[in-house]
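Data block below; observations after.
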Number of protein chains: 2
Amino acid sequence: MTQPSEPIPLSPEARSAALPLHDQDPSERADAARNRVKLLEAAAALIQERGAEHLTMDAVAAAACVGKGTVFRRFGDRAGLLLAVLDRTEREFQDAFMFGPPPLGPGADPIARLDAFGIASLRHLLDNMNLYLESDRQAASRYAAPPRNVRARHLSLLLGQAGVDGDLELLAQTLLGTLDATFVHHMLTGRGSTAQQLEAGWSDVVARITHRC
Amino acid sequence: MTQPSEPIPLSPEARSAALPLHDQDPSERADAARNRVKLLEAAAALIQERGAEHLTMDAVAAAACVGKGTVFRRFGDRAGLLLAVLDRTEREFQDAFMFGPPPLGPGADPIARLDAFGIASLRHLLDNMNLYLESDRQAASRYAAPPRNVRARHLSLLLGQAGVDGDLELLAQTLLGTLDATFVHHMLTGRGSTAQQLEAGWSDVVARITHRC
DNA sequence: ACTTGAACCGGACTACGGTCCGCTCAGATT
DNA sequence: AATCTGAGCGGACCGTAGTCCGGTTCAAGT
């Protein structure tokens, strides 16, 4: 892990480079780009009206008036498509915690930022629960997915700033476990937890991990 | 959650009742029981020779000379079959941490037991990695699966005995995140962690969660 | 404008998980 | 022993993710 430490306030160009979600590739052919847009719109519409859990690749292809192969060529697999649909929302959230106003964004005490991150993350998750659930369920390894990676790096950074030592990535992943879509869903439905309890739980875990006795 | 608190040394009958993995149901018809055995043997053999990730339900049915419907009737779905294959190993491990000798079993200091649990769990996981990975990947919700539940209850118990307060189930699940098959696999392969680092990480997380400053 | 070849496209095809339903037979009852 | 009934069984069937390949179209170079 020899990545340059990431300066907090970033120029616009560096900002978009820091967001690893698919930017429109300029070398992409015009027809391909057109189809990507058609597909994303079709997928979003279908999700809106039938729910993410009922989204099929055939339906997306048909709704976009495009062959099935094209869907897979553009997005790789179902997880990729779902991720692409989440992209806009995801970017907004990433912007908020990386560049937005404190306490979520830079400027506040790292522990306050950690706290705020959990709360914001849980709310963001609840707003898009089905999509994140589905994306999790589908992904080969949720740990390799861009959203999780960005969050993990962010948490590692904050933990470092908070003076925590140890395996920061492992601690970050441990924290992230508390915000995992499937886990949150399990706690809310399987067990009868409330969102408030999860938020309180997050703060508690953060306090313990950061060792603030 | 109004379950009777679980006394630690248990009579043999109570012990097997405490293990929620499928015991042979006495009301099961003889032919059904025969088929279950045939299927489990076939599945185990196929996994042995081709790997769990290549196990298909059709292949199991064919190898056991049984209709496909029978496989699903017996085990519900692929996750159930994999879980059943893991059953024996899983029981041994559960026995070890619930009833075996200290520091893993009862008798030792709860924090020492937590430490030992992580180490033993990681080793047990590494010994059966593919099977657990596959079982995770398949399961509708890994949080609802019996193995995870047993572990979660166990950890809650130990946390309580260690005098930790707060949402014990949430803390237990947070700890379990560190031992999740997919996560461990990701840390070992995706990132270049070693088993030693994961064991050290576990101890560190336990120390932080149990608030031992 | 024309050529060219690489990127793209479509939809038939495969593989696999899971369901369904009519038939069979184990084992309880008399 | 004869009867009965519902658990058990098999395998055809379905839906969906993902692959493949022959034909098509874009756009760069001339």
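Among the numbered criteria (1) among the aliphatic types (A, V, I, L, M); (2) closer than 27 Å to A:Q197 by Cα; (3) open to solvent by 30 Å² or more (accessible area, probe 1.4 Å); (4) within 13 Å of chain A (Cβ to nearest Cβ), which single criterion is violated by B:L133?
(2)
Outside the structural domain of B:E41 (by TED's automatic domain parsing) and touching a Pro at 6+ places or on another chain (Cβ under 8 Å) - does that describe any residue in the stretch B:114-129?
yes
Could you say which residue among A:R34, A:R91 is within 13 Å of DNA strand D (Cβ to nearest atom) and open to solvent by 40 Å² or more (accessible area, probe 1.4 Å)?
Details: A:R91 fails: within 13 Å of DNA strand D (Cβ to nearest atom).
When all the criteria are applied, what remains is A:R34.
Restricting the stretch B:63-75 to residues that are among the aliphatic types (A, V, I, L, M) and part of a helix (DSSP H, G or I), which is nearest to B:A44 (Cα to Cα)?
The selected residue is B:A63.
Would you call B:V60 modelled with pLDDT of 95 or more, within 14 Å of DNA strand D (Cβ to nearest atom) and assigned to a helix (DSSP H, G or I)?
Yes; evaluated as a whole, the condition is true for this residue.
Considering (1) assigned to a loop (DSSP other than H, G, I, E, B); (2) over 26 Å from A:A112 (Cβ atoms); (3) free of Cβ contacts under 8 Å to residues at least 24 places away in the same chain, say which one A:A140 fails and leave the rest.
Unmet condition: (3).
Quick one: would you say B:A18 is more than 16 Å from DNA strand C (Cβ to nearest atom), under 16 Å from B:N149 (Cα atoms) and either modelled with pLDDT under 85 or in the same structural domain as B:L159 (by TED's automatic domain parsing) (or both)?
Yes, satisfied.
Somewhere in the stretch B:101-108, is a residue more than 14 Å from chain A (Cβ to nearest Cβ) and part of a helix (DSSP H, G or I)? Steps first, please.
In the first step, residues of the stretch B:101-108 are kept if they are more than 14 Å from chain A (Cβ to nearest Cβ); the result is B:101-108.
Keeping just the survivors that are part of a helix (DSSP H, G or I) gives none.
Looking for residues that are more than 14 Å from chain A (Cβ to nearest Cβ) and part of a helix (DSSP H, G or I), one finds none in the stretch B:101-108, hence no.
Give the stretch B:194-213 a look and list any residue that's surrounded by fewer than 18 Cβ atoms within 10 Å (Cβ to Cβ) and either at the interface with chain A (Cβ under 9 Å from one of its Cβ atoms) or closer than 25 Å to A:D204 by Cα (or both), or say none. Talk me through it step by step, then tell me what you get.
Going residue by residue through the stretch B:194-213, those that are surrounded by fewer than 18 Cβ atoms within 10 Å (Cβ to Cβ) are B:194-197, B:199-200, B:203, B:207, B:211-213.
Result: B:Q197, B:E199, B:A200, B:S203, B:A207, B:H211, B:R212, B:C213.
Do you know which of the residues in the stretch A:166-187 that are part of a helix (DSSP H, G or I) and among the β-branched types (V, I, T) is farthest from the other protein chains (Cβ to nearest Cβ)?
The extreme case among them is A:V184.
Out of curiosity, is A:A32 within 12 Å of DNA strand C (Cβ to nearest atom), touching a Leu at 6+ places or on another chain (Cβ under 8 Å) and over 16 Å from A:E134 (Cα atoms)?
The answer is no for A:A32.
Which pairs turn up if I take residues in the stretch B:151-165 that are outside any helix (DSSP H, G or I) and look for partners that are open to solvent by 30 Å² or more (accessible area, probe 1.4 Å) with beta carbon separation below 8 Å, at least 6 apart in sequence or on another chain?
Once the first residue is outside any helix (DSSP H, G or I) and sits in the stretch B:151-165, its partners that are open to solvent by 30 Å² or more (accessible area, probe 1.4 Å) give B:V164/B:H211.
Scanning the stretch B:47-85 for residues that are open to solvent by less than 40 Å² (accessible area, probe 1.4 Å) and away from DNA strand C (no atom under 11 Å from the Cβ), which turns out nearest to B:R148 (Cα to Cα)?
Once the filter is applied, the top-ranked residue is B:L83.
The values are calculated or read from the model by the stated rules, or taken from the named source; none is laboratory data. It should be emphasised that the depicted structure is a prediction, and the values quoted were computed from it without experimental measurement. Positions of Cβ are backbone-derived with ideal geometry, glycine not excepted, and every protein chain shown enters the neighbour counts. The protein model used for the area step is the full one, side chains on, heavy atoms only, and it has no ligands, DNA or RNA in it. Shrake-Rupley method; radii C 1.70, N 1.55, O 1.52, S 1.80 Å.
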